[in-house]
Amino acid sequence: MARREALMACPSCRHDRNYLCGRRVGCTRCNRRWSITAGTVMSGTKLPLTTWFRAMHIMTSTKQGVSAIELGRRLGVSYPTAWYLAKRLRRAMTERETRYVLGGSGPDGAPVVVEADDVYLGGERNQGSGPGGKTRMIAATERYEDGRMGHVAMRMVTGFTSRAVRAFADTCLTATVRVHTDGLKAFLAFGTPARSHVVTVSGSRRPSRQRTAPFHGLNTAIANLSTALKATHKAIALQHTSDYLGAFCWTTNRRHNMPGMIHAACRAVATSSILTRHRAYDEIPVLLG
Ligand SMILES: [Zn+2]
């Protein structure tokens with residue numbers, strides 16, 4: 001592709017016609033040139049683009065994900081390089097996921113309901129992530145009329161409070177969606193102002209094996225997340241958890257289009273923002289509520 005109109009405006013004159021010259025983009029009006037990776041998570045990278053593409057392939061083609069050690073081994077790069085690369089790809093996916101809200105209409109235009117649940121992550125293997133060593137999150141999935149599962153969203157919260165539930169709803173759900181839960185008291189906050197809240201399962205919550213059963217999709221997604229985290233990470237620091245959740249949701253939400261994964265990952269990277277190495281290690285975790 002020689003031209004990348006609209007996606008990249010010239011940083012000097014905002015002209016939107018440009019040409020590619022190796023890894024650099026040139027403005028057809030003022031001839032300023034800039035790096036194709038400028039302003040994204042790839043900003044300033046010294047790795048060959050092919051290494052990035054291989055990393056995208058490795059990270060999106062396995063359901064369980066890969067550890068930074070394994071990624072480094074397969075790419076032939078050091079552990080810190082692999083870790084920083086994986087962190088930036090997860091961040092790009094996470095940023096992409098923040099642009100979607102659950103609860104629109106299904107492929108056939110039929111309304112979807114959203115099923116939501118409270119989840120504890122980590123536990124004894126993840127000491128230091130808040131009281132009891134556990135990270136709290138709210139997970140939600142869309143459910144179509146025929147029972148199939150749509151998109152999934154997961155966010156860390158400060159606690160299972162009305163305030164956190166409202167923050168989750170305002171961040172992740174449409175304004176008029178119907179939300180099904182198990183009736184946890186804080187979930188009443190899903191019912192305001194234009195959204196409706198229905199308690200559909202009791203506290204015993206015996207998971208049904210039927211694919212179309214209520215909460216089957218959500219329970220499966222939570223189980224898959226748990227398996228993926230255990231398989232690839234001994235313990236996750238709190239400041240990286242939101243990127244793991246974002247990348248997991250990104251991959252899950254694209255599970256029906258495996259051949260399009262690399263293309264989707266490139267799009268996520270192209271629209272991402274800079275993440276410096278320093279900030280990648282030290283930034284403060286984002287919790288709703
Ligand atoms: Zn220009």
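Here are a few things to note about the model shown:
- Label-point separation in nm, THR271 to ASN257, each point 7 Å along Cα→Cβ: 1.1
- Considering only TYR244, ALA223, VAL286, and ranking their Cα positions along the charge dipole of the stretch 195-289 that arises from unit charges at the beta-carbon of Lys, Arg, Asp and Glu, the one farthest toward the positive end is ALA223.
- Share of carbon and sulfur in the accessible area of the chain stands at 54%, probe radius 1.4 Å.
- Length released on extending from LEU184 to LYS63, taking residue separation times 0.36 nm less the Cα-Cα span: 40.5 nm
- With R₀ fixed at 22 Å, the C-beta to C-beta distance from VAL198 to GLU145 puts the FRET efficiency at about 0.90.
- Total charge dipole magnitude, the chain, about the Cα centre, Cβ charges on Lys, Arg, Asp, Glu only, Debye to nearest 20: 1020
- Of the peptides 214-223, 20-29, 81-90, 138-147, the order by per-residue mean of other Cβ atoms within 10 Å, starting with the highest, comes out as 81-90, 138-147, 214-223, 20-29.
- Three-way shape call for the stretch 53-199 based on the alpha-carbon gyration tensor, with the a/c threshold at 1.5: oblate
- Accessible surface, per residue, of the chain when the full set of protein chains is kept, probe 1.4 Å, Å²: 51
- In the chain, a dipole from Cβ-located charges (positive for Lys and Arg, negative for Asp and Glu) runs towards its positive end, and of GLY26, VAL165, LEU102 it is GLY26 whose Cα lies farthest in that direction.
- Entry note, the chain: the mean residue ellipticity at 222 nm calculated from DSSP H runs of n ≥ 4, each adding -39500 (n - 2.57), is -11000 deg cm²/dmol after division by the residues and rounding to the nearest 500.
- Radius ratio Rg over Rh of the stretch 1-111, counting only Cα atoms, Kirkwood formula for Rh: 1.08
- For the pair ILE36 and ALA213 in one chain, pulling the backbone fully straight at 0.36 nm per residue adds 59.0 nm over the alpha carbon distance.
- Point-to-point label distance, THR161-CYS21, nm (Cα→Cβ direction, 7 Å offset): 5.6
- Stretched out straight at 0.36 nm per residue, the stretch from ALA237 to THR220 would grow longer than its current Cα-Cα span by 3.7 nm.
- Over the chain, the pair-distance histogram of Cα-Cα distances with 5 Å bins from zero comes to 1, 5, 11, 15, 16, 15, 13, 10, 7, 4, 2, 1, 0, 0 percent, rounded to whole numbers.
The values are calculated or read from the model by the stated rules, or taken from the named source; none is laboratory data. From a predicted model like this one, the values you see are computed outputs, not experimental measurements. Glycine also receives a Cβ, built like all others from the backbone with ideal geometry; neighbour counts cover every protein chain displayed. Each accessible area value is taken on the protein alone, full model and side chains, heavy atoms only, with ligands, DNA and RNA left out. Shrake-Rupley method; radii C 1.70, N 1.55, O 1.52, S 1.80 Å.
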